[in-house]
1. Tell me, what ³J(HN,Hα) does each residue in the range 39-48 have, in order and in whole Hz, if you take phi through Karplus 6.51 cos²θ - 1.76 cosθ + 1.60 with θ = phi - 60° and put x for Gly and Pro?
2. Distances over 13 Å make up what percent of all Cα-Cα pairs in the range 138-179?
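The numbers here are math on the coordinates, done by the rules we state, and not lab data. On a predicted model such as this, the values are computed, not experimentally measured, just so you know.
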Amino acid sequence: MAILGLWPGLPFMRFGRLSAQRAGGVNWIAYSPPTLTCLGYNHGTPDAHFIPALLVLKTYDRSFWLIFEDNKPGLFGSVVIIDVDKFERPAIYPLPDPDDDVWEYVNMPFPNWIDFLRHHWDQFANWAVEDGQDFSNDAPVDRPVKYKFCAVLPPILPSPPWTVCHQQDLLNDFLRYPS
């Protein structure tokens, strides 16, 4: 059994709702071939740039990213969950605002893929209930995949492939993106 149904060999689909076997949303890790993409980093600072990341899962309110940045200690292999309900952008790594006096919410990444899966397995096991497995809201994701920077909808890739992230127009779009 694949935890949350996240496995490269499973169908590339939008799962309409959470079940005991998989997460709701789009299983982006199943996109073939897997696509390393650009995740905005240090947005709003002079050091703003892209880092390589793999979009694992995208729901309407969250984006789950496996980070492949090896130039920043502690980032390589970590998993960050970006939450639009907390006013985070789907394709921009969330950094705490140093001007905030009170941090009611700080997005802490999981240090590695195994910790991420373990946490979600424990969380999932506590509240997931078999409920007849109604898969009527499931749908394949249209191909070719659409891209729009920081798109919220699960079937739209919110960042471009890593191979084009060094193009100046993409970097300019990222730099101009509202905070």
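1. 10, x, 9, 6, 4, x, 10, x, 9, 4
2. Cα-Cα pairs of the range 138-179 separated by over 13 Å account for 60 percent.
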